[in-house]
């Protein structure tokens, strides 16, 4: 086995290690929908291009153009850099915070095959004709260095295949829904709280019905098709479809697929503003659900959301308005009390003078809104008040969404799954209700477009009014928060900046005092935004 054969095999192993990250980022960025993957590459050029295999590329280029006895030595040096880069990637992977790991779906498997063919061509040619070993080794190193772009090319090549696969499974899902004539379909959308609202509604409805929600956050066309084809059962009474979108028309497409009769609209904000282009586009897109409901359908809307109140709804369906702050609503929550055990609140219905007490393990007003929506729709579907109260008590805390955990040395309020201006402010309000020392741990909010810095600056000023201590994760990303906190006159000795959430945990242990400590972990940088 000569040095070229060894080098090709080494690069082959290196590509397996390196390509996991590039394929993962393509999946995280919705297979480049709205150019998300290419935008991620542009924002992370240092991660993509500043790697040790660049040195291998340069060295192999020199070796090819020199083409004499020294070339063998250069090839060996290049191999050493490949080994070092491989070790660096694997070492980073040990401590990398991966919120949503790579899911090896059938689509990913097809992509991997195409990537393997593209990146393996020089190797295949080499084993057929070994006369151009050094040239092919240089070409392979070039392809390897630009692997993030090769993955994108593979995605483009696979597009016709994916369209065929999509049509097949879409037709299968539609036919299955048509055959389930007694199935009630509920659509849930909004800028924030879709998954929470879905899970809460499912727990409430399961008191009386067999309810089937989309699993996890499968809220795209593919997610709905997977749920319908693989999870929906003939015995299910209700299908709860979470609906996500990044541009106008996407909610309408989902509604055309599943035809919901019932719709719940959570709070509307600025999430994904960059891809939508404007706040107006966001509002219109979310209301595509309501406008798709039939005349005998039911829409549950939030009257405390000005964006919903001001929207000129054209649908003739029945509208049920919920609220906490507004008085003229159909279902109102009031006298909300929160502690480390959960929340307790009263509910009144329009036309009913009685007050009903509900208890839940969940924290935060935004969860109360989601519970109100579940109560409102459950009542319309014939669930008794006693059953509704029982259902709300059984609602399970949602992982990483204001989830309260006892660590012994602190109570963690884990709100790390995602963050937005409304949710972040609500989380701070929850923290403010807690007795004892209050700490905020955050890397800030992301995916807010041009207003991201401004909104994080405001977030900083809000933190300063609640927290006793603040731990910011990532100096660059949290700069606007840091400035907002400083401008509010916060004690600099109680403000810390760390590089990772692991360091934050270690720091929290040193802050332990006699009184109980409550630490709010607000947002966790998505894998696509690592500094």
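The values are calculated or read from the model by the stated rules, or taken from the named source; none is laboratory data. Just so you know, these numbers come straight off a predicted model, no measurement behind them. As a convention, Cβ positions derive from the backbone with ideal geometry for all residues, glycine included, and neighbour counts pool all protein chains shown.
Condition first: farther than 21 Å from residue 15 by Cα and exposed (fewer than 12 other Cβ atoms within 10 Å of the Cβ). Now tell me which residues in region 47-72 satisfy that.
Within region 47-72, 65, 67, 68, 69, 70 qualify.
All but one of (1) assigned to a helix (DSSP H, G or I); (2) crowded, with 18+ Cβ neighbours inside 10 Å hold for residue 187, so report the exception by its number.
Looking at each condition in turn, residue 187 falls short on (1).
Quick one: in region 451-471, which of the residues that are over 17 Å from residue 432 (Cβ atoms) and out of contact with any helix residue (DSSP H, G or I) (no Cβ under 6 Å at 6 or more places or on another chain) is modelled with the highest pLDDT?
454
So which residues in region 58-72 are without any contact (Cβ under 8 Å) to a residue 24 or more places away in the chain and farther than 14 Å from residue 140 by Cβ, if there are any at all?
Matches in region 58-72: 58, 62, 65, 66, 68, 69, 70.
What is the residue count in region 468-483 for residues that are crowded, with 19+ Cβ neighbours inside 10 Å, under 26 Å from the mean Cα position of the chain (by Cα) and in contact (Cβ under 8 Å) with a residue 24 or more places away in the chain?
9
In the set 236, 256, which member is in contact with a strand residue (DSSP E or B) (Cβ under 9 Å, 6 or more places away or on another chain), at pLDDT 95 or above, assigned by TED's automatic domain parsing to the domain that holds residue 322 and surrounded by fewer than 18 Cβ atoms within 10 Å (Cβ to Cβ)?
Exactly one residue qualifies, and that residue is 236.
Listed residues 337, 355, 308; which is touching a strand residue (DSSP E or B) at 6+ places or on another chain (Cβ under 8 Å) and touching a residue at least 40 places away in the same chain (Cβ under 8 Å)?
308
Would it be correct to say that residue 171 is over 24 Å from residue 12 (Cβ atoms) and either modelled with pLDDT of 95 or more or outside any helix (DSSP H, G or I) (or both)?
yes
Please find, among 265, 301, 273, the residue that is within 20 Å of the chain's Cα centre (by Cα), at pLDDT 95 or above and surrounded by 17 or more Cβ atoms within 10 Å (Cβ to Cβ).
Answer to the check: 265.
Report every pair of residues separated by at least 6 positions or lying on different chains whose Cβ atoms are under 6 Å apart, first residue within region 13-41 and farther than 21 Å from residue 219 by Cα, second outside any helix (DSSP H, G or I).
What qualifies is 40/29.
Give the residue, chosen from 192, 166, that is outside any helix (DSSP H, G or I) and either at pLDDT below 95 or in contact with a strand residue (DSSP E or B) (Cβ under 8 Å, 6 or more places away or on another chain) (or both).
Of the residues listed, the single one that is outside any helix (DSSP H, G or I) and either at pLDDT below 95 or in contact with a strand residue (DSSP E or B) (Cβ under 8 Å, 6 or more places away or on another chain) (or both) is 192.
Scanning for something over 26 Å from residue 48 (Cα atoms), assigned by TED's automatic domain parsing to the domain that holds residue 15 and at pLDDT below 95, does region 108-122 turn up at least one residue?
No: region 108-122 contains no residue that is over 26 Å from residue 48 (Cα atoms), assigned by TED's automatic domain parsing to the domain that holds residue 15 and at pLDDT below 95.
Given the criterion assigned by TED's automatic domain parsing to the domain that holds residue 265, more than 23 Å from residue 437 (Cα to Cα), at pLDDT 95 or above and in a loop (DSSP other than H, G, I, E, B), identify the matching residue among 332, 316.
Being assigned by TED's automatic domain parsing to the domain that holds residue 265, more than 23 Å from residue 437 (Cα to Cα), at pLDDT 95 or above and in a loop (DSSP other than H, G, I, E, B) holds for just one of 332, 316, which is 316.
Tell me whether region 358-371 contains one or more residues that are under 20 Å from residue 344 (Cα atoms), without any contact (Cβ under 8 Å) to a residue 60 or more places away in the chain, crowded, with 18+ Cβ neighbours inside 10 Å and touching a helix residue (DSSP H, G or I) at 6+ places or on another chain (Cβ under 9 Å).
Within region 358-371, one or more residues are under 20 Å from residue 344 (Cα atoms), without any contact (Cβ under 8 Å) to a residue 60 or more places away in the chain, crowded, with 18+ Cβ neighbours inside 10 Å and touching a helix residue (DSSP H, G or I) at 6+ places or on another chain (Cβ under 9 Å).
Restricting the search to region 148-184, which residues are under 23 Å from residue 263 (Cα atoms), touching a residue at least 40 places away in the same chain (Cβ under 8 Å) and either touching a helix residue (DSSP H, G or I) at 6+ places or on another chain (Cβ under 8 Å) or surrounded by fewer than 14 Cβ atoms within 10 Å (Cβ to Cβ) (or both)?
Of everything in region 148-184, those that are under 23 Å from residue 263 (Cα atoms), touching a residue at least 40 places away in the same chain (Cβ under 8 Å) and either touching a helix residue (DSSP H, G or I) at 6+ places or on another chain (Cβ under 8 Å) or surrounded by fewer than 14 Cβ atoms within 10 Å (Cβ to Cβ) (or both) turn out to be 170, 173, 174, 176, 177, 182, 183.
Against the conditions (1) more than 27 Å from residue 447 (Cβ to Cβ); (2) assigned by TED's automatic domain parsing to the domain that holds residue 77; (3) modelled with pLDDT of 95 or more, where does residue 205 fall short? Just the number, please.
Every condition holds for residue 205 apart from (2).
Considering every residue within region 187-199, establish whether at least one is over 17 Å from the mean Cα position of the chain (by Cα) and free of Cβ contacts under 8 Å to residues at least 60 places away in the same chain.
Within region 187-199, not a single residue is over 17 Å from the mean Cα position of the chain (by Cα) and free of Cβ contacts under 8 Å to residues at least 60 places away in the same chain.
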